[in-house]
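All remarks here apply to the structure that follows.
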Amino acid sequence: MAIAIGSFIQESNDFSPVKTRYRDFDFAFGGRAMERHRAAATEMGGFLNVLAQSRRKLAPMLAGWSVTAGPVQAPDFARILKEFRKSLAGVRSPDALLLALHGGQTAEPAPDVAGEVLRAARAIVGPKTPIVATLDLHANVTRQMTECATALVGYKTYPHTDLFETGQRAAELLMKILAGTVQPAMAFRKLPLIVPAENMQTTSGPFGRLMNDAIKTEESGAAEIVSVFGVQPWLDVPEMGCSVVSVTNGDPAAGVRQVDALARAFWESRHEFDVKLTPVRRALREALRSGGGLTVISEPADSTGSGSPGDSTGVLGPLLEMGCDVPAALFVVDPEAVQIAVAAGVGATIKTSVGGKFDRRNSRPVRISARVRMISDGRWTGQARGYNQGVEVSMGRAAVLDIGAIRLLVAERPSMTVDPELFRSHGIEPARMRLVVVKSPNGFRAAYEPIAKRVFLVDTPGVSSPKLKTLPYRHVPRPIYPLDPRLKIKWEN
């Protein structure tokens, strides 16, 4: 008998024009899945760290991760679910199951991927086998997830720096359940609430207070795990909304009190999540007027970590139009421009258009004349804490284009921009730049704030815009805040 472990992670954006395919996950199976994460600072790495000390027999199933994009296409999700079932069914009478999921992933036609995976797992292992799953704190927790899992364990940090520790906490909880020292009782409270990600950091502000309260409840011994889920705001699904989950040791009444108190505090702080954005040209002017040092410009509406295609020229266009020939690093997804650069070769000068190839509604191509500085296979290994630290990722082929002092990194596929290693792996040192543009609402802060003099969140259009009321939601439950700003909740005493 063994503990089965697996990892299947992606955050979805239902407004993205780019669908997710099977190959985007780069799946590894069996022993290869375990080797990929053995030394990685991921949830599965945390599982392996704790379980190695327990000397329990392990049964690795599969591991796959994809950068955020649109829903997984129906045939691809059917294949993934089939392979998951096959992997788990191959483990004879498992003692338990540990899963690293996201909780904010959708597929065609499944609006609740984590719930479907957990339901499939429960059907195979039966009603008594413990199933503990980790979730991103942007998970959209559903009733199905809470009914199929024994315990759900969310991240405590945003920017996400505790993936490994979350895996450890989940594995430690599972060991207590198997030892009989914890009889898990899970309580769940859902809110008719969506909040932008830009002010959801856990180091300060409203979400920081909520997370501190959750941690204090755990430290008091009143609960084993308390998780606050701010939800991925770009999901357009029927069971949408922020939530709180508590796992107590056999005290369901205490769990209900805990989630109700945190949910009420969450609701009462909803206005504090409002975002102030700076017009792009104003941000560029202020950055150039302010003297030396690095200015980081965040373009959240085209966040590749939030499901946008990464092809916006919302900052590049004004930068070129204003004649800002200063050391700057930008990232744009454009497979056609990469192909042209590869064909021309290093040292060649090319004239082409970049950007605006996927999200044609919100961005337009920009004409450039550039020298090809570098061509690469687009594979690099994350170094920043969290976000797949230690795991190699691929963004297809890539090229660095010099437009005067500007370094434009173009790639065939999206990649997370929160880690400076994205640029460093391509010969660009962000700390030596005057400007670095990141496509991220918040996750960039962990690695970039220590080296930045200034940070601006700029106002551009895109499918991960924090202006939630401008997005074409069709399936979320109504009423829900902020789409229905006058919504009131009647709290029971």
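The residues listed here are Gly323, Gly355, Gly317; of these, the one that is in contact with a Pro (Cβ under 6 Å, 6 or more places away or on another chain) and either closer than 22 Å to Met433 by Cβ or hydrophobic (A, V, I, L, M, F, W, C) (or both) is Gly355. Report yes if some residue within region 95-116 is in contact with a Pro (Cβ under 9 Å, 6 or more places away or on another chain), surrounded by fewer than 24 Cβ atoms within 10 Å (Cβ to Cβ), of a type in the set (S, T, N, Q) and at pLDDT 95 or above; otherwise report no. There is no residue in region 95-116 that is in contact with a Pro (Cβ under 9 Å, 6 or more places away or on another chain), surrounded by fewer than 24 Cβ atoms within 10 Å (Cβ to Cβ), of a type in the set (S, T, N, Q) and at pLDDT 95 or above.
For region 209-233, the candidate set comprises residues that are buried (at least 16 other Cβ atoms within 10 Å of the Cβ) and small (Gly, Ala, Ser); within that set, the residue that is nearest to Ala133 (Cα to Cα) is Ser227. Among the residues making up region 109-131, a single one is acidic (Asp, Glu) and either within 17 Å of Pro184 (Cα to Cα) or in contact (Cβ under 8 Å) with a residue 40 or more places away in the chain (or both): Asp112. Return a yes/no flag: does region 139-160 have any residue that is surrounded by fewer than 24 Cβ atoms within 10 Å (Cβ to Cβ) and under 22 Å from Arg38 (Cβ atoms). Yes, region 139-160 has at least one match.
For the residues Ser7, Ser66, Ser12, Ser16, the requirement of being of a type outside the set (A, V, I, L, M, F, W, C) and under 28 Å from Lys176 (Cα atoms) singles out Ser7.
If you go through region 32-44 and pick out every residue that is part of a loop (DSSP other than H, G, I, E, B) and within 16 Å of Ala2 (Cβ to Cβ), you end up with 0. Go over the candidates Glu412, Glu392 one by one and state the one that is at pLDDT below 95 and acidic (Asp, Glu). So the residue among Glu412, Glu392 that is at pLDDT below 95 and acidic (Asp, Glu) is Glu392.
The listed residues are Phe47, Phe8, and the only one of them that is among the hydrophobic types (A, V, I, L, M, F, W, C) and either part of a strand (DSSP E or B) or without any contact (Cβ under 8 Å) to a residue 12 or more places away in the chain (or both) turns out to be Phe8. May I ask you to verify whether Glu268 is surrounded by fewer than 23 Cβ atoms within 10 Å (Cβ to Cβ) and not β-branched (Val, Ile, Thr)? Considered against the rule, which asks whether it is surrounded by fewer than 23 Cβ atoms within 10 Å (Cβ to Cβ) and not β-branched (Val, Ile, Thr), Glu268 comes out as yes.
The values are calculated or read from the model by the stated rules, or taken from the named source; none is laboratory data. None of the values given here were measured: they were computed from a predicted structure. Cβ: placed from backbone, ideal geometry, glycine included. Neighbour counts: every protein chain shown.
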